[in-house]
C-alpha cells in the first residue's frame with residue numbers, strides 16, 4: 001500500500017490541501033526515512049498553505065513530527081533504524097505517513113516522552129528555547145525581569161510561560177479571552193492581559209510601574225506592533241517572530257530612537273537549527289525541561305490526518321489552545 005501525504009497545487013484556503021498517494025523511497029547520504037505516528041500543527045503551516053511564505057508548487061507542508069526511524073543513509077550516525085525520533089525541520093512536508101528528509105534536524109525521542117508530546121513540542125518548544133535563551137535584550141535576562149509574551153495561551157506561549165517561571169522571569173502574557181488568560185496564568189505567567197478588553201501597552205506600564213519590559217516576544221504581528229513598542233523600556237528588545245494578524249508594515253527606524261533607543265530583531269527558528277550540533281544542544285535542553293516536569297506540553301487538539309482542513313480552519317479561527325497534532 002502506498003504512503004499518503006498532503007499536497008497543495010496552489011496557495012489558498014484549507015480546501016487546497018489534498019491527501020494523495022506517494023512513493024517515499026530510500027534515504028540518500030545525510031538523510032533518513034521516518035514513519036510518523038503524530039504530526040505537529042503550527043501557524044507557519046497556514047502561512048505556507050496560503051502563500052504568505054511562498055513555496056515552490058506543488059508542495060508539501062508541515063514542519064514537525066514524531067515517529068520511528070525506518071532507514072538511514074550514508075553518514076548518519078546519531079540515529080539508527082528502530083529509534084524513536086522527533087524533529088522540527090525544513091523543508092516542509094511533515095503532513096504525511098512517512099518521508100525521507102535531512103537527518104541533521106532529527107533527534108532521538110526518549111521513551112519517557114510520548115509521540116504526541118514529541119510532535120507537539122519540537123517546533124514550539126525549540127522556538128520557546130531560542131527566544132528565552134538566545135534572543136536576549138542588552139545585558140541578558142535575569143530572575144525578576146519583566147518580559148511581554150503575546151499569544152501566551154498558544155502552543156509556544158504555554159511553553160514559554162512555564163519556562164519563564166523556571167528561569168524566574170516575570171512574564172506578562174496576552175490572550176484574546178478570559179479562558180485563555182487563565183490558561184497562561186496557570187502555566188506560569190505572572191500577569192495576564194485580555195487584549196480584547198484592555199489596552200495592553202497601558203496595562204504593561206501599570207504592571208511595571210512605568211518602566212516597561214526588557215523584551216517583547218511577538219508572534220501576532222500587525223495588530224500588536226505599535227503597542228509592543230510602547231511596552232518596552234529604554235534599550236528594550238522587540239523580537240517579532242510571527243505574523244498571525246498580518247505582516248508588520250515597513251518600520252521607520254526613527255521610531256526606535258524616539259521610543260528609547262530600542263533594539264529590533266526578526267529571528268527565525270531555522271537559523272538556529274542550521275547545524276546538527278546546534279539542533280542537538282537546543283533539543284537536549286528542551287527534552288530535559290520536559291522530562292523533569294518543569295515544562296508540560298499541552299496537546300489540546302487531535303485530528304486524523306484526513307481532517308487536516310478542519311485543523312487549519314480551527315487554527316485560523318484562533319479557537320485552539322496549546323499544541324495540536326495530526327494522528328497518522
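The numbers here are math on the coordinates, done by the rules we state, and not lab data. As the structure is a computational prediction, the values presented were derived from the model and not from experiment. A quick note on method: Cβ atoms are made from the backbone with ideal geometry, for glycine too, and the neighbour counts reach across all protein chains shown.
The figures follow:
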| read-out | value |
| --- | --- |
| Tensor-based shape of the range 254-324 (alpha-carbon gyration tensor, a/c under 1.5 rounded, otherwise prolate or oblate) | oblate |
| Span from the the range 277-328 Cα centroid across to the the range 55-107 one, whole angstrom | 16 Å |
| Taking 200, 149 and counting other C-beta atoms within 10 Å, the order from fewest to most | 200, 149 |
| Prolate/oblate/rounded call for the range 52-113, Cα gyration tensor, a/c under 1.5 rounded | prolate |
| Sites residue 319 and residue 211, calculated FRET efficiency, Cβ-Cβ separation with R0 35 Å, nearest 0.05 | 0.50 |
| Between 0 and 90°, nearest 10: helix 178-187 axis offset from the chain longest Cα axis | 80 degrees |
| In nm, spacing of pseudo-spin labels at residue 266 and residue 80 (7 Å Cα→C-beta vector) | 4.5 nm |
| For the chain, share of DSSP beta bridges that run antiparallel, in % to the nearest 5 | 55 percent |
| In degrees, nearest ten, helix 115-134 long axis to first principal axis of the chain (Cα) | 40 degrees |
| Rel. contact order, % - alpha carbon contacts under 8 angstrom, at least six apart, the chain | 18 percent |
| Nearest-0.05 FRET efficiency for residue 18 and residue 202, computed from C-beta distance (R0 45 Å) | 0.45 |
| Order of 78, 312 under a 10 Å beta carbon neighbour criterion, fewest first | 78, 312 |
| Sorted by Cβ neighbour density within 10 Å, fewest at the top, the residues 68, 146 | 68, 146 |
| The chain, helix-only ellipticity at 222 nm - DSSP H runs n ≥ 4, -39,500 (n - 2.57), divided by all residues, nearest 500 | -9000 deg cm²/dmol |
| Sequence-separation-based contact order of the range 174-302, relative, with Cα cut under 8 Å and 6+ spacing, percent | 16 percent |
| Over the chain - Rg/Rh using Cα atoms and the Kirkwood inverse-distance radius | 0.98 |
| Residues of the range 202-221 with amide N under 13 Å of a point placed 7 Å along Cα→Cβ from residue 143 | none |
| With Cα atoms, 0 to 90° folded angle of helix 276-291 axis to the chain main axis | 70 degrees |
| Shape of the range 176-302, Cα gyration tensor, a/c cut at 1.5 | oblate |
| Mean separation of Cα contacts under 8 Å (6+ apart) over length of the range 252-328, as relative contact order % | 25 percent |
| Expected-Rg normalisation [2.2 N^0.38 Å, Cα atoms] applied to the range 1-113 | 1.06 |
